[in-house]
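Data block below; observations after.
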Amino acid sequence: ANATVSGNALDVSLGGKIAELAFTGDIAVRAQNIAPFSSLAGRNLAGALDLKATGRVEPLTGAFDLTIDSAADALRVDIEAADNLLEGRSTITGRVARGEPGLVAEKLRIGNDRIELTADGNFATGTADFDYALVLSDLSLVSPQAAGRLEASGRAAGTDGLISLTTLANLREGQLVGKRLTEGALTFDGTLQDGSLDGTLGGNAFLDGVRVQLSAGLGVANEIQRLTDLDFSAGGARATGSLTRGPTGLIDGKIDIAAADISTAAALALVEANGAVNATIDLASTESGEQNLNADATIRNLRMGETRLDTADVQTAVRDLFNVPAIDGSVRAQGLVAGGVTVTALDASAQSTNGATQFQADASLDQNTRAAAKGSLNPEGNGYRVNLTEASLGQGVVAARLLEPASLLVVGDTVEIDSFVADVGGGRVSAKGRVA
C-alpha cells in the first residue's frame, strides 16, 4: 500500500501493486535540493524537484506507461545554456509510454515561460503518427551572440515501413553577432525506411539585408552518412561539394569554398569575422584504412576577434591524416597575430619519402625576433618519432639554439625525450625522460 524512503530533504514513495513483474501505481520523488546528487552526476547540481507519476513500469523489459505531473524550481545542471533555460519553475505534464506499440506521447509538455517542448502521437518501427514542437523565447538564453524567438515543429507519419519526416524551424526576426536577421527558416523533408534515412535540407534568411541560402541532401544507411549536393551561399561566400563518411569513420569527397567576404557566413556560426578565403579540400580513404587529404587555400585580410592574418597560401597533400601523417606541401604567411604572438612572416615546407616527412620552417616575429626549425617525422612502433636537427629562437644577442640533434618519441599521450641539449643565452639546458 505504501513504501517510503526519506532523509536529508529527500522523499521517495511508492503506492500500488506488483504483479507479473510489473509495478502499477503511484510514484513520487520530492527533493528540496538535488545538490547531494552532484557526485553521481559528475557536475554541480542545484534546485528542487517534485516528481509525480501514475501508471505502469516493467523494470526487466524497460517498458512503461506513465501519466506525469511534475515540477522543478530553480533547477541547475552546471551547463550555462541549460541553467538559463531552466531558471524559475519548470513542469512536465502529460502521458508518455514505451512498449510493444513503440513510443507514445499524449499531450506531453516539458518547459516553462522560456522554453517549451511538446509531443503527441506514436512512433514505432515501420509506423508513425507523431507531432512535436519546440518554442524558445529568446536565443540569447543559449548564446549572448544571438537573439530572437525560435519556433520549430515537425511530424513523422507513415505505415508499412515507410515514414515521412518533416521539420520546419523559423526565426522570423532576431540578431546574430550584431547583424539583423529576418525571415530565417530551416527545413528538412525526408523518409525513414528499414533504418535508412534519406532527405533534403534547405534554409533561407537575410542578415543585414544579405541573403543566405542552403540546400543539401542527407542520407544515413548501413552505417554510411552522406552529405550530397551541398550549396551554401552567404553574401560574398559560397561552399559547394559532397562528402561520404563510411563505417570506419573515414571520409571521401570534395568541398570548394569561394569567399570574397566571410562576414555573413561567420555570423551564422556566431563568430564575428571578415576577410577572403578560397579553398579546395579533397578527402579520400584507402582500403588499408588511411585518410588522405589534399588542400589548396589562399587567405587574405582575415580578422577574427584578436586574431589577424594578412595573407596565407597553403598547398598540402597529407597521407594517413589520423595516424602518423606523411606531408608534402608548403605554408607561406604574413601578418599573423594570434595568442599574443605576432609573426611578420612564416615560410614552412615539408616533403615525404617512404612514409617519413622532412620539414623546415623559418619565421620572423615582432621586435626583430627570428625562429627556425628543421627535422623529420617518422612512424615508429605505435607512435612517431620527431627528430630535430636544427632549432633556434633569437632576438639580437639573446638566443637559444640546439647544440646537438634532438629526438622525441610520441606514443598516444606519452612523450619520451631521448636527448635534448640547448644553449640558452650562454647557458646550457639538457633534458631526458618521459612525460605522460
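The values are calculated or read from the model by the stated rules, or taken from the named source; none is laboratory data. Predicted model, so just to flag it, every value in this text is computed and none were measured. When we count neighbours, we look across all protein chains shown, and the Cβ atoms used for this are built from the backbone with ideal geometry, even at glycine. Heavy atoms of the whole protein, side chains included, go into the accessibility calculation; ligands, DNA and RNA do not. Shrake-Rupley method; radii C 1.70, N 1.55, O 1.52, S 1.80 Å.
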_Members of the range 56-98 that are open to solvent by less than 50 Å² (accessible area, probe 1.4 Å) and part of a helix (DSSP H, G or I)_ = 81, 82, 83, 84, 85, 86
*asked:* Tell me whether the range 186-203 contains one or more residues that are of a type outside the set (Phe, Trp, Tyr), in contact with a strand residue (DSSP E or B) (Cβ under 8 Å, 6 or more places away or on another chain), part of a strand (DSSP E or B) and more than 30 Å from residue 127 (Cα to Cα).
replied: no
_Near pairs, Cβ below 7 angstrom, 6+ apart or cross-chain, from the range 1-29 (basic (Lys, Arg)) to any residue that is surrounded by 13 or more Cβ atoms within 10 Å (Cβ to Cβ)_ = 17/24; 17/25
_Residues satisfying the stated conditions in the range 4-55, i.e. open to solvent by 50 Å² or more (accessible area, probe 1.4 Å), hydroxyl-bearing (Ser, Thr, Tyr) and not in a strand (DSSP E or B)_ = 39
*Unique match (being out of contact with any His (no Cβ under 6 Å at 6 or more places or on another chain) and either open to solvent by 60 Å² or more (accessible area, probe 1.4 Å) or modelled with pLDDT of 95 or more (or both)) among 267, 260*: 260
*Pairs, please: C-beta under 9 Å, at least 6 apart or cross-chain, first residue within 17 Å of residue 277 (Cα to Cα) and in the range 290-307, second outside any strand (DSSP E or B) and open to solvent by 60 Å² or more (accessible area, probe 1.4 Å)?*
303/272; 304/272; 305/272; 307/339
*For the range 198-209, name all the residues that are modelled with pLDDT of 95 or more and open to solvent by 30 Å² or more (accessible area, probe 1.4 Å).*
198, 200, 201, 204, 206
*Only one residue in 253, 335, 305 is of a type in the set (Gly, Ala, Ser), over 18 Å from residue 348 (Cα atoms) and crowded, with 16+ Cβ neighbours inside 10 Å. Which one?*
253
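The rows are residues; the columns are (1) over 26 Å from residue 367 (Cβ atoms); (2) open to solvent by less than 60 Å² (accessible area, probe 1.4 Å).
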| residue | (1), (2) |
| --- | --- |
| 384 | yes, no |
| 391 | no, yes |
| 394 | no, yes |
| 399 | no, yes |
| 404 | yes, no |
| 408 | yes, yes |
| 413 | yes, no |
| 421 | yes, yes |
_For the range 283-297, give me the residue count where each residue is part of a strand (DSSP E or B) and open to solvent by 40 Å² or more (accessible area, probe 1.4 Å)._
4
*So, in the range 111-121, of the ones that are touching a strand residue (DSSP E or B) at 6+ places or on another chain (Cβ under 7 Å) and under 11 Å from residue 135 (Cα atoms), which residue ends up most open to solvent (accessible area, probe 1.4 Å)?*
117
*Could you please find all residues in the range 106-131 being within 26 Å of residue 74 (Cα to Cα) and assigned to a strand (DSSP E or B)?*
107, 108, 109, 110, 111, 115, 116, 117, 118, 119
*Considering only residues that are touching a residue at least 24 places away in the same chain (Cβ under 8 Å) and of a type outside the set (D, E, K, R), look in the range 187-197 and name the one that is most open to solvent (accessible area, probe 1.4 Å).*
193
